[in-house]
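Undergrad: Just dropping this structure here.
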Amino acid sequence: MSALISSFMKLKSDLSERPESMLRSIQAALTHFFPAAWNSNPFDADLKNFVTPLIKVRTKHASGRTKVMPIKPITDLFYKWGENHELSIKYLRQKTIALLSLSMMARPSDLAPVMGFHRNQLRFSEDNSVVITLCGIKNDSDRHGFEIKIDKASNPKVDPVACLKYYLDRTAGYTSNTHGPVFCLAPLPIFRSARE
């Protein structure tokens, strides 16, 4: 079976100039499909080690490097918005997702309700930090999940932990239990400014 999968992955890599995303997706899918269908997992250490050099050898055009995104315009925006208690739930949600995405180096889609990011994946500590467990996001090809610790920021206006806590308190009524989504899709009006 490993020889058949290796041949299939080599064939797929030959058809792409940048095969990494495709091969990683195939690997993740088969890692879950085989145990469910046949109670076995063909992705042993040798087959996993085959994928990385295959990606390196078959990549014809590496993705170009881009400049690091400046975060000052984002923090300046949040300074203009004011304190967390002055914000509408809509803007508080946007601020919380943006600050968490930046501090976790995650995509906003990793935190969105569609991905099933739930309140029981958060652990707050007495030192005002939070440990967040993420499962099954794009970079987690093995789907084992991993934890990210976020410490309190020195500036309270851009502190992702304080912002997250305040958002959870404000939206506690939108979910029935601790297993509800962190970012709920509550019916919200359209706001003209961050403070309305």
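Undergrad: Roughly how many debye, to the nearest 20, is the charge dipole of segment 72-174 about its Cα centre, given +1 on each Lys and Arg Cβ, -1 on each Asp and Glu Cβ, and no other charges?
TA: Details: 15 positive and 12 negative charges, 65 e Å.
Its charge dipole is roughly 320 debye.
Undergrad: Cβ under 13 Å from Leu102's Cβ, Leu102 left aside: what net charge do those residues give with Lys, Arg +1 and Asp, Glu -1?
TA: Details: positive: Lys72, Lys95, Arg107; negative: Asp110, Asp159.
Residues close to Leu102 contribute a combined charge of +1.
Undergrad: Let me ask something additional. Calculate the dipole size of segment 2-58 relative to its Cα centre from +1 charges on Lys and Arg beta carbons and -1 charges on Asp and Glu beta carbons; express the result in debye to the nearest 20.
TA: That gives a dipole near 120 debye.
Undergrad: Let me ask another. Give the share of C-alpha pairs in each 5 angstrom bin for segment 2-58, from 0 to the last occupied bin, in whole percents, shortest bins first.
TA: Once binned at 5 Å, the Cα pair distances of segment 2-58 give 4, 20, 33, 25, 12, 5, 1.
Where a number appears in this text, it was derived from the coordinates with a stated rule and is not lab data. Everything numeric in this text was worked out from a predicted model, so none of it was measured. Counting neighbours? That spans all protein chains shown, and the Cβs are built from the backbone with ideal geometry, glycine included.
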